[in-house]
Amino acid sequence: MVVQIRQVGETVSSKFKSSVMALSLSIVQIASAGFAQDISSTRPNILGRAGVLEMPSAEVAPDGQLSLSFTKFGKIDHTTLTFQATPRFSGSFRYSGIKGLDGAGETYRDQTFDLSYLIFNEGKYRPAVVVGLQDFLGTGVLSGEYIVATKSFGDKLRVTGGLGWGRLGSYNPLGLSSGVRDAADIENNDVAKPSRWFTGDAAAFGGVSYQFSDKMTLLAEYSSDAYAVEEQRGVFSHQSPFNVGLNYKLGKNSSATAFVLHGDQVGVQISMGLNPKAPKMSGSLETTPLPIRTRPSRSADPIGWSGEWVTEVGDASGIRSALSKAMKAEGLTFEAMSLSTTRAEVRFANTRYGARAQALGRLSRIMTRAFPASVETFVLTETLDGIPIHSTVLPRTSLEAFEFEPARKILDAATFADPLGLNGDPLVAVDGIYPKNKWSIAPYFALSFADSDKPVELDYGLRGQVHYNVAPGLWLDTSVSISLPEKTAGTEDSGGLNFPAVRSNSDKYNKRLQLDKLIANWYSRPAENVFGRVTAGYFETMYGGVSGELLWKTPDSPLALGVEVNYAVQRDFEDAFAFQDYDVMTGHLSAYYAFEHGVHGTIDVGRYLGGDWGTTISVDREFNNGWRVGAYATFTDAPFDDVDKGIRVTAPSAWFLGTPTTETQDFSVQTSSHDGGARLNVDGRLYDRVRAKQGSQIKQQWGRFWR
């Protein structure tokens with residue numbers, strides 16, 4: 001993404017912004033200490049973010065809160081998904097419809113992103129203060145910026161006041177201004193311009209909320225949104241700046257709001273939410289782990305401590321048999337082992353525990369019971385479809401000493417390494433492991449925002465998958481889905497005049513029964529800290545071909561680098577096994593970085609399915625229990641209106657079931673199918689699969705080691 005920041009002289013605009021900044025800093029410095037508190041709220045405003053009715057507030061949702069809301073008034077609707085990404089930072093993705101905005105009676109659809117940041121919490125005497133950007137990546141219809149403060153008085157009353165720019169500064173009877181506001185240059189993809197932010201007309205807004213019962217909250221506000229464009233097009237009549245509403249709490253994270261806007265429109269909003277940090281099932285239904293077996297004294301077991309057992313057990317078949325049986329009971333597959341007098345390495349596949357640290361804890365307990373006393377060093381190596389990915393080295397003495405101590409102590413004693421970098425005895429593989437297969441039948445859900453009369457469309461059904469592991473690193477994978485809602489294939493041509501239809505014709509693939517994928521994947525380890533993948537077949541419903549990838553990732557580093565090259569061919573609309581005459585070479589250079597608090601960032605630079613070149617920026621937050629919520633935006637040389645952006649959510653099944661499992665449920669929230677910035681969907685990409693098994697990720701879930 002290219003961001004242009006223009007430096008201007010000491011104009012009215014810069015003076016105004018400087019004054020606002022100085023005032024904000026002064027407030028921060030003068031604010032007395034006193035105990036700070038969060039102004040928490042799970043009730044979004046009609047735009048789906050923290051606010052009174054239409055205007056924003058400085059309230060914040062609990063950390064991790066995920067909410068979905070739908071608002072309808074007159075000819076306007078908003079569907080918004082908001083995520084409290086950190087205790088201070090939140091983001092919203094909104095899909096809006098305005099009927100008649102184009103003057104032809106059609107519904108104008110717009111996708112917008114909001115960001116807000118809590119500067120400081122409410123204190124004893126000071127209000128909470130939030131700064132925010134509204135529609136900062138959209139077409140400019142809803143774009144604006146704001147600084148807002150909220151103060152609570154007792155448990156029931158909250159008062160909000162703020163200053164807005166752009167859309168939020170359009171009703172400006174006081175005539176406040178901070179210079180001329182540049183127009184969004186959509187045609188040249190110059191939309192997210194920091195030079196536009198907090199410029200132009202500035203208007204004050206404010207509101208109050210009063211909770212007069214556990215269920216009911218009265219809302220009233222003075223709005224600084226003039227609805228100028230909508231009123232000009234006959235969509236909306238702005239008769240008053242005042243809005244009133246009544247919110248009714250339906251449940252812990254759900255509510256309904258009825259309201260009157262600007263003396264002209266009556267509307268309703270429904271919102272619901274959940275928090276990944278609060279599982280549906282309290283406690284756990286998992287089995288109790290085996291206790292650590294402490295080694296006997298040297299006098300009680302002289303053979304075990306001396307190492308003479310090596311001769312007695314010969315090929316260690318008895319140890320292997322006992323180890324395999326105990327691991328199977330724990331949902332771990334025993335794949336290979338090396339054994340010497342003082343060191344034992346076990347290679348395994350984890351098919352049960354979403355928290356890899358818990359799998360390590362279970363296996364280490366088993367190893368204390370399986371190996372003779374002289375074996376001091378345990379090496380636990382997890383595999384990915386038979387390929388060694390990561391090794392955890394644990395001193396047996398530490399396991400015995402810290403079984404009833406906090407998990408941090410055993411973490412301090414552990415070492416993480418790449419299996420290719422370890423010096424050890426040759427491993428002996430377990431006979432009869434390959435070929436092996438697993439299959440599943442599970443429901444799927446996909447929420448789409450489409451450029452049609454349906455602002456939101458839910459697809460759901462059953463998906464069957466077969467995963468056939470032919471040999472270490474080589475597997476075949478197929479997926480077939482049955483959609484329960486009736487689906488009708490599109491017939492109209494898609495794509496722009498000078499741009500190929502690589503995603504916008506996705507509705508032509510609508511079928512009740514769909515071959516989602518049929519691929520062969522080969523994983524390899526070309527060198528230490530380097531991972532490889534080659535995939536061939538039908539990648540997804542729209543494309544097949546060949547894909548190759550290399551990833552550099554060390555066990556403990558937060559940084560990873562990757563490269564991917566693909567040859568993709570568009571699949572036929574009718575024949576599931578045939579192709580059309582459109583093919584393209586795509587590929588990206590990627591940089592991945594794991595920040596603190598489970599935040600992951602990715603930058604991809606390269607060529608997309610439509611032949612356009614550009615960059616995709618992704619940010620995800622991953623919780624220790626496996627929940628993952630993220631957003632992405634793409635910037636290419638394609639027209640801005642036709643560039644892909646959206647959000648994604650992954651939910652672990654264990655969160656709902658209360659039992660350990662590696663299965664997840666992907667709940668995808670997609671924007672309409674864009675041709676610009678379109679990526680190939682290839683299952684089994686390396687980064688997420690590799691890092692999930694490595695030390696940096698294991699550390700985040702280490703609290704479950706003794707579970």
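Looking at 404, 445, can you tell me which residue is open to solvent by 80 Å² or more (accessible area, probe 1.4 Å), among the hydrophobic types (A, V, I, L, M, F, W, C) and at pLDDT 90 or above? Reasoning before the result, please.
Working: 445 fails: at pLDDT 90 or above.
Answer to the selection: 404.
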Study note, to complete from the structure: If you go through 520, 527, the only one that is surrounded by fewer than 18 Cβ atoms within 10 Å (Cβ to Cβ), out of contact with any Ser or Thr (no Cβ under 8 Å at 6 or more places or on another chain) and either touching a residue at least 24 places away in the same chain (Cβ under 8 Å) or not hydrophobic (A, V, I, L, M, F, W, C) (or both) is 527
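Any residue that is under 21 Å from residue 679 (Cα atoms) and hydrophobic (A, V, I, L, M, F, W, C) - is there at least one of those in region 523-533? So that I can check it myself, show each step before the final result.
First, pick out the residues of region 523-533 that are under 21 Å from residue 679 (Cα atoms): 532-533.
Subset that is hydrophobic (A, V, I, L, M, F, W, C): none.
Looking through region 523-533, none of the residues is under 21 Å from residue 679 (Cα atoms) and hydrophobic (A, V, I, L, M, F, W, C).
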Exercise for review: Take the residues in region 489-506 that are modelled with pLDDT of 65 or more and assigned to a loop (DSSP other than H, G, I, E, B), then tell me which one is most open to solvent (accessible area, probe 1.4 Å).
Suggested key: 498
Practice item. Select from region 592-606 the residues that are open to solvent by less than 30 Å² (accessible area, probe 1.4 Å) and outside any strand (DSSP E or B) and list them in ascending order. Key: 598
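Do you know which of the residues in region 576-591 that are hydrophobic (A, V, I, L, M, F, W, C) and closer than 15 Å to residue 545 by Cβ is most open to solvent (accessible area, probe 1.4 Å)?
Selected residue: 577.
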**Study point:** For residue 159: the one exception among (1) at pLDDT 90 or above; (2) open to solvent by less than 40 Å² (accessible area, probe 1.4 Å)
**Key:** (2)
Practice item. Would you point out the residue of region 507-536, among those that are farther than 19 Å from residue 561 by Cβ and among the acidic types (Asp, Glu), that is modelled with the lowest pLDDT? Key: 507
**Study point:** Qualifying residue in region 323-338 (condition: open to solvent by 30 Å² or more (accessible area, probe 1.4 Å), among the polar types (S, T, N, Q) and out of contact with any Ser or Thr (no Cβ under 8 Å at 6 or more places or on another chain))
**Key:** yes
Point to revise | Of all residues making up region 122-134, the number that are open to solvent by 10 Å² or more (accessible area, probe 1.4 Å) and farther than 26 Å from residue 199 by Cα | key: 3
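Name the residue that is farthest from residue 106 (Cα to Cα), counting only residues in region 226-244 that are in contact with a Ser or Thr (Cβ under 7 Å, 6 or more places away or on another chain) and open to solvent by 10 Å² or more (accessible area, probe 1.4 Å).
In the first step, residues of region 226-244 are kept if they are in contact with a Ser or Thr (Cβ under 7 Å, 6 or more places away or on another chain); the result is 226, 228, 231, 241, 243.
Narrowing the set further to residues that are open to solvent by 10 Å² or more (accessible area, probe 1.4 Å) leaves 226, 228, 231, 241.
Values: 226: 22, 228: 19, 231: 16, 241: 27 Å.
Per the criteria, the residue is 241.
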Point to revise | Where residue 170 falls short, out of the listed (1) open to solvent by 10 Å² or more (accessible area, probe 1.4 Å); (2) out of contact with any helix residue (DSSP H, G or I) (no Cβ under 6 Å at 6 or more places or on another chain); (3) of a type in the set (S, T, N, Q); (4) farther than 23 Å from residue 210 by Cα | key: (2)
**Study point:** residue 305 vs. criteria on the phi < 0 side of the Ramachandran plot and buried (at least 19 other Cβ atoms within 10 Å of the Cβ)
**Key:** no
Check your understanding: Scanning region 448-475 for residues that are among the hydroxyl-bearing types (Ser, Thr, Tyr) and surrounded by fewer than 17 Cβ atoms within 10 Å (Cβ to Cβ), which turns out modelled with the highest pLDDT?
Key -> 468
**Study point:** Failed item in (1) surrounded by 16 or more Cβ atoms within 10 Å (Cβ to Cβ); (2) more than 25 Å from residue 60 (Cα to Cα), with residue 263 passing the rest
**Key:** (1)
**Study point:** Single condition residue 116 does not satisfy, out of (1) closer than 19 Å to residue 46 by Cα; (2) at pLDDT below 90; (3) under 26 Å from the mean Cα position of the chain (by Cα)
**Key:** (2)
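Pick out the one residue from 561, 609, 550, 589 that is more than 22 Å from the chain's Cα centre (by Cα) and either under 22 Å from residue 475 (Cα atoms) or assigned to a strand (DSSP E or B) (or both).
Values: 561 fails: more than 22 Å from the chain's Cα centre (by Cα); 609 fails: either under 22 Å from residue 475 (Cα atoms) or assigned to a strand (DSSP E or B) (or both); 589 fails: more than 22 Å from the chain's Cα centre (by Cα).
Among 561, 609, 550, 589, only 550 is more than 22 Å from the chain's Cα centre (by Cα) and either under 22 Å from residue 475 (Cα atoms) or assigned to a strand (DSSP E or B) (or both).
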Practice item. Please work out which one of (1) touching a Gly at 6+ places or on another chain (Cβ under 7 Å); (2) under 16 Å from residue 693 (Cβ atoms) is the condition residue 356 fails and give its number. Key: (1)
Revision key, fill the gap. In the set 42, 80, the lone residue that is under 24 Å from residue 248 (Cα atoms) and at pLDDT 90 or above is 80
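I need the full set of residues from region 86-99 which are within 24 Å of residue 199 (Cα to Cα) and either part of a loop (DSSP other than H, G, I, E, B) or among the aromatic types (Phe, Trp, Tyr) (or both), in order please.
Of the residues in region 86-99, the ones within 24 Å of residue 199 (Cα to Cα) are 89-94.
89, 93, listed by residue number.
Just checking, which of 351, 288, 342 is exposed (fewer than 13 other Cβ atoms within 10 Å of the Cβ) and modelled with pLDDT under 90?
Numbers: 351 fails: exposed (fewer than 13 other Cβ atoms within 10 Å of the Cβ); 342 fails: modelled with pLDDT under 90.
Going through 351, 288, 342 in turn, the sole match is 288.
Being under 29 Å from the mean Cα position of the chain (by Cα) and either open to solvent by 30 Å² or more (accessible area, probe 1.4 Å) or in contact (Cβ under 8 Å) with a residue 24 or more places away in the chain (or both): is that true of residue 298 here? Show your work before the answer.
Values: under 29 Å from the mean Cα position of the chain (by Cα): no; either open to solvent by 30 Å² or more (accessible area, probe 1.4 Å) or in contact (Cβ under 8 Å) with a residue 24 or more places away in the chain (or both): yes.
No; evaluated as a whole, the condition is false for this residue.
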Practice item. Would you mind finding the one in 77, 114, 102 that is among the acidic types (Asp, Glu), more than 24 Å from residue 160 (Cα to Cα) and assigned to a strand (DSSP E or B)? Key: 77
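Residues checked against (1) more than 21 Å from residue 434 (Cβ to Cβ); (2) open to solvent by less than 10 Å² (accessible area, probe 1.4 Å):
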site	(1), (2)
376	yes, no
388	no, no
392	yes, yes
398	yes, no
Check your understanding: Can you name every residue in region 641-654 that is crowded, with 22+ Cβ neighbours inside 10 Å and either at pLDDT 85 or above or assigned to a helix (DSSP H, G or I) (or both)?
Key -> 654
Point to revise | Residue within region 142-156 that is in contact with an Asp or Glu (Cβ under 7 Å, 6 or more places away or on another chain), open to solvent by 30 Å² or more (accessible area, probe 1.4 Å), at pLDDT 90 or above and not in a strand (DSSP E or B) present | key: no
Check your understanding: When residues of region 192-232 are filtered for being assigned to a loop (DSSP other than H, G, I, E, B), touching a Gly at 6+ places or on another chain (Cβ under 9 Å) and of a type in the set (Phe, Trp, Tyr), how many remain?
Key -> 2
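The values are calculated or read from the model by the stated rules, or taken from the named source; none is laboratory data. Here the structure is a predicted model, which means the values were calculated and not measured. Positions of Cβ are generated from backbone atoms using ideal geometry, with glycine treated the same way; all protein chains shown enter the neighbour counts. Just so you know, the surface numbers come from the protein's heavy atoms only, side chains and all, with ligands and any DNA or RNA stripped out. Shrake-Rupley method; radii C 1.70, N 1.55, O 1.52, S 1.80 Å.
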